[in-house]
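Peer 1: One structure coming up, written as structure tokens, with questions to follow.
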Amino acid sequence: MHFAFFLKTYKTPENKTKLQEIYDFIFRHLELSIREIGYGDQTINKKMKDYINLFYAMIDKIHDWEKKSFEIKCSIMATFLDNQTSQRFLVDYFDNYRENLINNTFNFNLKGVIRQ
């Protein structure tokens with residue numbers, strides 16, 4: 001969910017290459033983690049397809065997050081997370097996270113994470 005907000009906030013033509021590198025890195029490591037668990041190639045392909053579809057569904061749901069009502073945001077959280085007791089907390093959390101991303105530059109958020 002964090003990465004979906006990150007991509008939504010910083011997706012610009014200037015950031016395209018770095019965002020693609022980050023995307024590739026995250027999904028490569030997700031695949032490696034699945035392999036370390038011991039799944040076979042066929043299962044890994046299926047799981048990666050499921051994860052990528054889930055990720056794009058998240059991006060689609062948060063597309064105009066700032067325009068959505070609090071109740072709709074809670075229902076989005078319920079779509080992706082099982083813990084209904086913390087939906088209100090998570091909506092507030094991701095509202096704050098989004099504000100933090102907006103108030104900082106793309107490079108600020110990458111500082112110390114990747115070589116520039």
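Just so you know, all these numbers are worked out from the coordinates, no wet-lab data involved. These numbers come from a predicted model, not from an experiment. Every residue, glycine as well, gets a Cβ built from its backbone with ideal geometry; the counts of neighbours run over all protein chains shown.
Peer 1: Taking the stated definitions as given, is ASP60 loosely packed, with under 13 Cβ neighbours inside 10 Å and farther than 14 Å from ALA4 by Cα?
Peer 2: Values: loosely packed, with under 13 Cβ neighbours inside 10 Å: yes; farther than 14 Å from ALA4 by Cα: no.
So ASP60 fails the test.
Peer 1: Next up: Looking at ASN45, is it touching a residue at least 12 places away in the same chain (Cβ under 8 Å), more than 13 Å from the chain's Cα centre (by Cα) and in a helix (DSSP H, G or I)?
Peer 2: Numbers: touching a residue at least 12 places away in the same chain (Cβ under 8 Å): no; more than 13 Å from the chain's Cα centre (by Cα): yes; in a helix (DSSP H, G or I): yes.
No: the conditions fail for ASN45.
Peer 1: Still on this model: Against the condition more than 14 Å from MET1 (Cα to Cα), out of contact with any Cys (no Cβ under 6 Å at 6 or more places or on another chain), in contact (Cβ under 8 Å) with a residue 40 or more places away in the chain and surrounded by 10 or more Cβ atoms within 10 Å (Cβ to Cβ), how does ASN104 come out, does it pass? Quick ask: steps written out before the conclusion?
Peer 2: On the way: more than 14 Å from MET1 (Cα to Cα): yes; out of contact with any Cys (no Cβ under 6 Å at 6 or more places or on another chain): yes; in contact (Cβ under 8 Å) with a residue 40 or more places away in the chain: no; surrounded by 10 or more Cβ atoms within 10 Å (Cβ to Cβ): yes.
No, not satisfied.
Peer 1: Then there's this: Quick check on segment 80-96. Is at least one of its residues acidic (Asp, Glu) and under 13 Å from the mean Cα position of the chain (by Cα)? Let's see the steps before the verdict.
Peer 2: First pass over segment 80-96, keeping only residues acidic (Asp, Glu): 82, 92, 95.
Applying the additional criterion that residues be under 13 Å from the mean Cα position of the chain (by Cα) yields none.
No, segment 80-96 has no match at all.
Peer 1: While we're on this one: Being under 15 Å from the mean Cα position of the chain (by Cα) and over 20 Å from LYS8 (Cα atoms) narrows it down to one residue among ASP60, ASP50; which is it?
Peer 2: ASP50
Peer 1: Quick check on segment 1-24: of everything there that is in a helix (DSSP H, G or I), hydrophobic (A, V, I, L, M, F, W, C) and in contact (Cβ under 8 Å) with a residue 60 or more places away in the chain, which residue is farthest from ASN104 (Cα to Cα)? I'd like the intermediate steps shown before the answer.
Peer 2: Just the residues of segment 1-24 that are in a helix (DSSP H, G or I), to begin with: 2-10, 13-24.
Remaining after also requiring hydrophobic (A, V, I, L, M, F, W, C): 3-7, 19, 22.
Right, trim to in contact (Cβ under 8 Å) with a residue 60 or more places away in the chain and you get 5-6, 22.
On the way: PHE5: 13, PHE6: 11, ILE22: 18 Å.
The qualifying residue farthest from ASN104 (Cα to Cα) is ILE22.
Peer 1: Does segment 25-34 contain any residue that is part of a helix (DSSP H, G or I), hydrophobic (A, V, I, L, M, F, W, C) and closer than 16 Å to LEU81 by Cα?
Peer 2: Residues of segment 25-34 part of a helix (DSSP H, G or I): 25-34.
If we keep only those that are hydrophobic (A, V, I, L, M, F, W, C) as well, we get 25-27, 30, 32, 34.
Filter again for closer than 16 Å to LEU81 by Cα, leaving none.
No, segment 25-34 contains no residue that is part of a helix (DSSP H, G or I), hydrophobic (A, V, I, L, M, F, W, C) and closer than 16 Å to LEU81 by Cα.
Peer 1: Let me ask another. Name the residue that is farthest from TYR51 (Cα to Cα), counting only residues in segment 62-93 that are outside any loop (DSSP other than H, G, I, E, B) and among the polar types (S, T, N, Q). Spell out how you get there, then give the answer.
Peer 2: Within segment 62-93, the first condition is being outside any loop (DSSP other than H, G, I, E, B), and the residues that meet it are 65-67, 70-80, 84-93.
Then drop every residue that is not among the polar types (S, T, N, Q), which leaves 75, 79, 84-87.
On the way: SER75: 20, THR79: 14, GLN84: 21, THR85: 24, SER86: 23, GLN87: 21 Å.
Within segment 62-93, the match that is farthest from TYR51 (Cα to Cα) is THR85.
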